[in-house]
1. Please order 63, 68 by the number of other Cβ within 10 Å, starting at the fewest.
2. Of (i) 1.11; (ii) 0.97; (iii) 1.03, which is the value of Cα Rg over 2.2 N^0.38 Å derived from the coordinates here?
3. How would 48, 59, 80, 36 line up from fewest to most surrounding beta-carbon atoms within 10 angstrom?
4. Explain nothing, just the number: relative contact order of the chain, from Cα pairs under 8 Å at least 6 residues apart, as a whole percent.
């Protein structure tokens, strides 16, 4: 069983912005309440909605989109 440290949990949108920018994503534009980020390795933009709580499914989808591994995510999360 995983400890809480290894389980991706919902966070607010500001935390997600910090994580993805630290990973190398660049803010491109905003459409409504959705922030659009681009990354050199991504085939399509990552979208971070301005929700108080970003669901785990959205976080995992964005991680997959930019090629971020779980280890990368947790390391950046600890740094911010």
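Read-outs throughout are calculated quantities, based only on the coordinates presented, and are distinct from any laboratory measurement. None of the values given here were measured: they were computed from a predicted structure. Note: ideal-geometry Cβ built from the backbone for every residue, glycine included; neighbour counts use all protein chains shown.
1. Fewest to most other Cβ atoms nearby, the residues stand as 63, 68.
2. Recomputing Cα Rg over 2.2 N^0.38 Å here gives the entry labelled (iii).
3. Details: 48 26, 59 21, 80 10, 36 16.
Ascending number of Cβ neighbours within 10 Å: 80, 36, 59, 48.
4. Working: 99 pairs, mean separation 25.8, N = 80.
Contact order relative to length: 32 percent.
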